[in-house]
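These notes concern the structure reproduced below.
The values are calculated or read from the model by the stated rules, or taken from the named source; none is laboratory data. This is a predicted model, so every value here is computed, not measured. We place every Cβ from the backbone using ideal geometry, glycine too, and count neighbours over all the protein chains shown.
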Amino acid sequence: MKPSDVTVTTLAGDQRRDLITAALAARVHTTIVGASTLRVALPDEFRKASLDEARIAHAEGRDWSLVAIRREAGRVRLVYEDTLIARLRRDTDRIMYQVAIPAADLIDRFCTDADVPVTIDPIIGQIHIEGAGRSILDPTTSWQEIAALAAKLGGRAFSDGERIIVTTDAALLAGNPTRISDSSGAVTGDIDFTLDVAQPNDRAALTVAPAWQIDAGSVVDVHGTGPADGRWVVSEWTRDLPQAGAGRVRLTRPRTLGA
């Protein structure tokens, strides 16, 4: 990624500066576990600057909302999270259904109220739940409710930057895969993996070149590793900015050894 691809700006005195260009360090982490984040470390001079124009950023093809500011070790550190999830975190209005309703109806209501697009896998969406929602005494957010409900019903919830996706790993694995193998194409080294009957999921990790364009939640078809061959879901990747270098990618799938 080039610095010009990041549109967020901030002010230092009277000078407008590109946030990522001014950064001492910046890192993008996209994930299907929780919220994707953008972390930026700035020189200490920025603690006296107006950060009002830095509350929304655009990087790696998605919008980010500022959720934390810290000063430590002589640096000002900004933490952003995916804007769609940030909207759901701000929504705490009471929503309660006493009768059994499809999970899709409740999730859709949470997302509609926060003006957030959502796609719900039918396997999860058709399951009926009773006493669902958030009472006036329940200090949760819509994002917490959606994530907890998805996990309870055997799935997961995450954002791809354009919508919230509520689905199962099995549904993700059924998508169109990208073929990868050790030291081939965007993969710059070995694909490390752990297959363990004591763990609920297989895990794998690899390093990829800056050209890697596969986002968290996508499917890859691994070849050439032996027992780890087959389909995996990209669970997360991390890359440093502004001059995008190699990224670290993690994969997950339901346990296969001894299954």
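Quick notes
- Selection within the range 182-212 - assigned to a strand (DSSP E or B) and either under 20 Å from the mean Cα position of the chain (by Cα) or surrounded by 16 or more Cβ atoms within 10 Å (Cβ to Cβ) (or both): V187, F193, N201, D202, R203, A204, A205, L206, T207, V208
- Within the range 124-139, at least one residue is on the phi > 0 side of the Ramachandran plot, surrounded by fewer than 21 Cβ atoms within 10 Å (Cβ to Cβ), over 21 Å from the mean Cα position of the chain (by Cα) and not β-branched (V, I, T).
- Tabulated pairs, the range 226-242, first modelled with pLDDT under 95 and surrounded by 20 or more Cβ atoms within 10 Å (Cβ to Cβ), second assigned to a strand (DSSP E or B) and among the hydroxyl-bearing types (S, T, Y), C-beta under 8 angstrom, 6+ apart or interchain: W237/T30
- Qualifying positions in the range 132-168 - of a type in the set (K, R) and modelled with pLDDT of 95 or more: R156, R163
- Selected residue (criterion: surrounded by the fewest Cβ atoms within 10 Å (Cβ to Cβ)) from residues of the range 63-106 that are in contact with a Leu (Cβ under 8 Å, 6 or more places away or on another chain) and closer than 18 Å to I136 by Cα: Y97
- Residue check: V99 meets all listed conditions (1) more than 26 Å from E145 (Cα to Cα); (2) at pLDDT below 90 but one, namely (1).
- Selection count, the range 106-135, where residues are within 16 Å of I85 (Cβ to Cβ) and part of a loop (DSSP other than H, G, I, E, B): 4
- Only one of the numbered conditions (1) in a helix (DSSP H, G or I); (2) closer than 18 Å to R94 by Cβ is violated by D138, and that is (1).
- Of all the listed residues (I101, I136), the sole one being touching a residue at least 12 places away in the same chain (Cβ under 8 Å), over 30 Å from E45 (Cβ atoms) and touching a strand residue (DSSP E or B) at 6+ places or on another chain (Cβ under 8 Å) is I101.
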